[in-house]
Every structure is written in C-alpha cells, then in structure tokens.
Amino acid sequence: MNLLQLIQGCEPRELAGSKDREVTGIEIDSRRVKAGNVFVAMRGTQADGHAFIGKAVAQGAAVIVCEQMPGETREDVTYLVYPDTQDVVGILATRFFGNPSERMHLIGVTGTNGKTTIATVLYNMFRQLGYKCGLCSTVCNYIDGEPVATEVTTPDPVTLNRLLGQMADEGCAYAFMEVSSHSVSQKRIGGLTFTGGIFTNLTRDHLDYHGTFENYRDAKKGFFDVLPGDAFALVNADDRNGMVMVQNCKARVRTYSLQSAADFKARIMEESFEGMDLEVDGREVSVQFVGRFNASNLLAAYGAAVMLGVEPQQALVLLSAQQPVNGRFEAIRSREGVTAIVDYAHTPDALVNVLTTIGEVLRGRGECWTVCGAGGNRDKGKRPLMAREAARQSDRVIITSDNPRFEEPDDIIRDMLEGLDARQRSRTLAITDRREAIRTAVALARKGDIILIAGKGHEDYQEVKGVKHHFDDREVARECLDAADNSQTVK
C-alpha cells in the first residue's frame with residue numbers, strides 16, 4: 001500500500017521524508033518489524049515504543065509514526081509525528097488490512113461478566129445458520145472454525161485488524177468479539193465500524209488499571225458513544241448502569257431483562273445442574289446452561305440474533321442446541337455423586353452469581369465447597385471481597401493460589417483472609433498449592449456435595465514469576481474425582 005493512501009485524512013503534525021513510498025506492513029512491536037514496514041511508537045503501561053525506534057529502523061522500517069521527532073533521522077526513512085499515536089494506530093491498521101469491519105457485520109460485547117458466553121453463543125448460532133463467522137474472545141479466536149490462539153480479551157490494534165482482515169478475506173459475514181475496558185481506553189478498537197454493541201453488566205474489576213469504578217464505567221461507555229446511527233445497542237436493563245451506557249449513543253437502543261419490562265424478556269421456569277427451562281418473549285425453550293446469569297446471557301444472544309434478522313422461533317431453536325463455553329459453569333461429576341464445577345468467576349460479583357445458582361439448585365440437599373484465589377499484580381481491593389462472598393455462600397472454603405504472577409501466593413492469600421470474621425475463618429482452610437487444595441476438597445466432600453473451583457475457568461496454565469506452568473482446573477478436578485472413585489471401589 002502507498003503511504004499517501006494509508007494516511008489519507010490523517011495528516012501528521014510534522015513530517016520528515018517522502019509520503020510517496022510503498023509500505024509492506026504495520027507493527028507496534030519493533031521485534032516484528034520487517035523491511036518496508038510502518039513502525040508505530042506507542043507509549044504503553046510497561047514500555048515506551050519511542051525507545052525502540054532505532055531498532056525498528058535497523059530492522060528495515062520504512063516509516064516511523066511517533067509523537068516526537070527523533071534526535072537522529074535517516075533520509076531513506078519517513079517520519080510522521082502525531083500528538084497521540086494511540087489516536088491514529090487503529091485507523092492506520094484497519095486501512096492497511098482493507099477495512100475489514102466494513103466488509104462484514106462486526107458485533108462487540110462488553111461488560112464485566114458474560115462477554116465470552118454471549119460472543120461464543122452468537123458465533124455458534126450464526127455458523128449453524130450457514131454463515132462463515134469469526135470470533136475474538138478470551139478463550140480462543142476462530143476464523144470460521146479454525147482456532148487462532150489468544151492471550152488477551154481484545155488484542156492490540158494491529159493484531160486485531162490483521163485477524164479481522166483474515167476473517168473478511170475468508171468470506172466471514174459476521175464477526176463477534178469481546179470488547180474489554182482496556183481496549184476502549186487504549187483505543188485498540190479505533191477505526192473499526194460496529195454493526196452492534198451488547199452490554200452485559202458492570203461490577204468491580206480492573207481498578208488496578210482504571211483507578212476508580214467511574215473510570216472503569218466510562219471506559220465501557222466509550223464503546224457505545226462511538227457506535228454509528230445505523231448500528232444497534234442492546235443493554236441489560238437489570239443492571240443499573242445499562243441505560244448509563246447509552247446516554248450519548250446514536251445507535252438504535254434496545255433492552256433485555258429477567259426482572260422488568262424490556263424489548264426482550266425472559267424468566268426461568270425450572271432449573272437443575274443439567275440445564276434450564278426458560279420462557280423467552282412468551283415462548284418456552286430448554287437450554288443446557290444453568291443460572292440466572294446464564295439466562296441473562298442467552299437472552300442477550302437471542303435479542304442480538306433477532307436484531308440481526310433471525311426469526312424469533314428460529315433463534316430459540318438455535319439456543320436450545322448451544323452448550324456451555326469451556327470453563328464457564330462446567331460440571332464434572334464423579335461416580336460417587338460429588339460434582340465439581342469449574343468457572344472463570346474472578347470478581348466478587350461473578351462469584352456471587354455462581355454461588356447463588358449453586359444454592360438455588362442444591363436447595364440444601366448437599367454442601368457447597370468453594371476453592372478460590374485471586375490473581376497477583378491486579379486489583380488488591382477485591383481480594384477480601386472475594387473471600388467474604390465465598391464464605392458467605394459456601395459451607396466450606398479453601399483459599400488457594402490463582403495466578404500469583406510476580407507476587408508471593410501466601411501474601412495474596414493473607415489479603416483474602418483479611419475479609420473474613422472469626423466464624424468464617426473457622427470454616428476456611430488456606431492451602432497454597434492449588435492442586436492440593438482441589439484434592440483436599442474432593443477428599444472431604446460427600447455424596448451430593450458440590451465443589452466450586454473458581455477463578456481460572458478455561459485457562460490451562462498457572463503464571464508464576466513470569467512463567468506459565470501447565471495447570472488446568474478441569475484436568476485436576478477429573479484426576480482427583482477419578483482417584484476418589486477408585487479409592488471407594490477398592491474399599
């Protein structure tokens with residue numbers, strides 16, 4: 001692509017070198033720069049890309065996009081200076097990869113909890129309708145059935161647009177993506193055109209980055225502020241922040257609710273650990289999901305499908321065929337009648353949702369054990385809250401390590417225990433080793449009991465001191481339950 005075409009309508013504040021040159025790619029990581037590439041120097045939370053301009057040039061960068069002209073420049077390199085490179089990187093990336101969001105319907109899902117389930121359910125529904133589809137989610141990215149590994153909820157602008165470009169090139173008619181608060185505030189979705197946006201809910205999370213709940217809320221709201229007038233905005237009327245999201249929204253606003261009047265309405269008629277019977281807009285449907293939070297997620301997916309042109313009855317038939325997402329209220333049962341539930345719940349509110357569901361289905365016919373921890377180098381304020389909610393709604397709790405990252409696991413556990421009173425502590429064990437914590441819960445549980453293993457869900461690793469070690473809650477739970485079953489058989 002010619003540089004003149006790439007920066008059309010995006011004139012720099014300062015220029016050195018020729019605008020009339022061909023460029024072969026765009027990167028924000030100097031290590032990936034190849035000959036003829038555009039290197040965009042961005043000021044990140046961990047490093048400043050301006051420090052790597054020299055390295056990018058040495059590796060063949062033909063164009064440097066930056067916020068300050070380097071002290072030394074080369075005649076064979078073009079330098080473009082902008083007030084804030086975050087404002088332009090998304091525009092440049094989406095243009096270089098052929099404006100992928102204008103070649104398909106792009107639906108974004110944002111909120112604290114439920115993003116993965118809603119995006120994945122919609123992806124599966126529309127594939128079953130015969131469309132080629134893309135998915136960008138916390139668990140995995142897909143290009144019409146082909147998996148593409150992911151490490152963050154919403155990738156950086158270059159990676160995201162490259163992925164969306166591949167989806168569009170493969171003929172995808174729809175793409176469903178999770179939109180994180182980080183991606184909005186860091187303008188990773190800049191330049192993209194969304195057909196619709198969905199808001200799930202808002203509770204405390206990521207305050208280590210945003211600082212205050214208000215900043216976190218406003219980051220989510222920023223996604224809806226830029227939706228175009230011909231798009232739709234579907235928001236959860238059961239969340240007090242639902243209508244806040246769309247205060248300045250130009251898109252068509254619709255609501256969904258389990259509790260009050262809304263454009264899309266549902267209620268739970270019956271539920272068990274195998275699934276639920278729902279009434280959705282006056283029609284009955286059986287689904288393989290459990291819990292009010294999942295009823296809300298499925299209602300959002302139904303509402304979005306209808307707004308995208310699917311007939312209501314057909315949307316319900318498709319919903320009935322969907323299965324829970326990996327690590328989202330995933331049940332693993334033993335022959336001896338003990339059930340482990342692995343869930344990604346890693347915020348106080350998500351933990352409340354899952355434990356409330358377990359309590360409603362269990363109805364005192366067994367005990368609830370909760371194994372949980374909290375991530376290191378993240379919002380410390382939610383640690384005691386997590387422990388308190390676990391103790392409040394569980395019969396027994398085991399506090400353990402999650403992803404300690406660069407913190408000491410015992411320090412994190414100590415922070416969590418600070419949230420418990422003496423009575424709650426008497427029902428709580430602290431076992432640092434996560435495998436041993438799960439094994440202990442399985443060993444002490446009896447027939448009919450439920451063990452909630454919360455926090456990591458689909459993750460197949462444990463991050464310690466910057467190294468990711470293989471660890472999958474689902475694998476460990478199966479191993480421990482099988483071992484307990486075999487022990488009972490021997491006896």
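Values in this text are rule-based calculations from the coordinates and carry no lab data. Computed from a predicted model, the values in this text were never measured in an experiment. Glycine gets a Cβ as well: all are built from the backbone with ideal geometry, and neighbour counts include every protein chain shown.
Each peptide among 307-313, 385-391, 41-47 gets the average number of other Cβ atoms lying within 10 Å of its residues, and from highest to lowest they stand as 385-391, 307-313, 41-47. In a fully extended conformation the segment linking Ser320 and Asn248 would gain 22.4 nm over its present Cα-Cα distance, using 0.36 nm per residue. Here the scattering of segment 92-174 is modelled by Debye summation over its C-alpha atoms, one equal scatterer each and no solvent; at q = 0.27 Å⁻¹ the log10 of I(q)/I(0) is -1.49. Remark: relative contact order (segment 55-136) = 16 percent; criterion is Cα-Cα distance under 8 angstrom and separation of 6 or more residues. The alpha carbon centroids of segment 333-350 and segment 20-55 are separated by 44 Å.
Normalising the average separation of contacting C-alpha pairs (under 8 angstrom, six or more residues apart) by the number of residues puts the relative contact order of the chain at 10 percent. If the limit is 22 Å between Cα atoms, which of Lys265/Lys456; Lys132/Lys220; Lys380/Lys456; Lys220/Lys265 go over it? Over 22 Å apart, Cα to Cα: Lys265/Lys456; Lys132/Lys220; Lys220/Lys265. Rounded to the nearest 20 debye, the dipole size of the chain about its Cα centre is 580 debye, using +1 on the Cβ of Lys and Arg and -1 on the Cβ of Asp and Glu. The alpha-carbon atoms of segment 228-279 define a convex hull whose volume equals 99 cubic angstrom per residue. Stretched out fully, how many nm does the piece from Glu11 to Thr212 gain, at 0.36 nm a residue minus the Cα gap? Gain in length upon complete extension: 68.9 nm.
Only the Cβ atoms of Lys and Arg (+1) and of Asp and Glu (-1) were treated as charged; on that basis the dipole of segment 242-317 about its Cα centre amounts to roughly 520 debye. Treating r as the C-beta distance of Glu336 and Arg31 and R0 as 45 Å, the FRET efficiency rounds to 0.30.
Our summary gives segment 187-275 a relative contact order of 25 percent, counting only alpha carbon pairs under 8 angstrom and 6 or more residues apart.
Looking at segment 45-91, the GluC sites (Glu not before Pro) that sit in a DSSP loop and have at most 10 other Cβ atoms within 10 Å of their own Cβ are Glu72, Glu75. Using the alpha-carbon positions of segment 369-451, Rg (one decimal) and Dmax (whole number) come out as 12.1, 38 Å. Highest mean packing comes first when the peptides 287-293, 364-370 are listed by Cβ atoms within 10 Å, giving 287-293, 364-370. For segment 438-491 versus segment 111-133, the spacing of their alpha-carbon centroids is 29 Å. A Förster radius of 30 Å combined with the Cβ-Cβ distance from Asn2 to Asp84 puts the calculated FRET efficiency at roughly 0.80.
For segment 337-491, a Kirkwood hydrodynamic radius built from all Cα pairs, placed in the Stokes-Einstein relation at 20 °C and 1.002 mPa s, yields a translational diffusion coefficient of 139 µm²/s.
Summarised as an ellipsoid, segment 418-467 has semi-axes of 23, 17, 10 Å, derived from the eigenvalues of the Cα gyration tensor scaled by 5 and square-rooted, with the largest first.
Spacing of the modelled spin labels on Glu274 and Ala483, each 7 Å from Cα toward Cβ, amounts to 3.1 nm. Segment 67-85 and segment 225-247 have Cα centres lying 39 Å from one another. Kirkwood hydrodynamic radius, segment 6-96, all distinct C-alpha pairs: what's the number in Å? Mean inverse Cα-Cα distance, inverted, gives 12.8 Å.
For segment 353-408, what ratio Rg/Rh do Cα atoms give with a Kirkwood hydrodynamic radius? On the Cα set of segment 353-408, Rg over Rh gives 1.05. The per residue volume of the convex hull around the alpha-carbon atoms of the chain is 154 Å³.
Pairwise over distinct Cα atoms, reciprocal of the mean inverse distance: report the Kirkwood radius of segment 317-422 in Å, one decimal place. Averaging 1/r across every pair of different Cα atoms and inverting gives 14.9 Å.
The convex hull built on the alpha-carbon positions of segment 298-348 has an orientation-averaged projected area of 5.3 nm².
Starting from the Cα-Cα distance between Lys380 and Asp421, subtract it from 0.36 nm times their residue separation and give me the gain in nm to one decimal. Between Lys380 and Asp421, full extension yields 12.9 nm more. DSSP assigns beta bridges within the chain; of those with both partners inside it, close to 35 percent run antiparallel.
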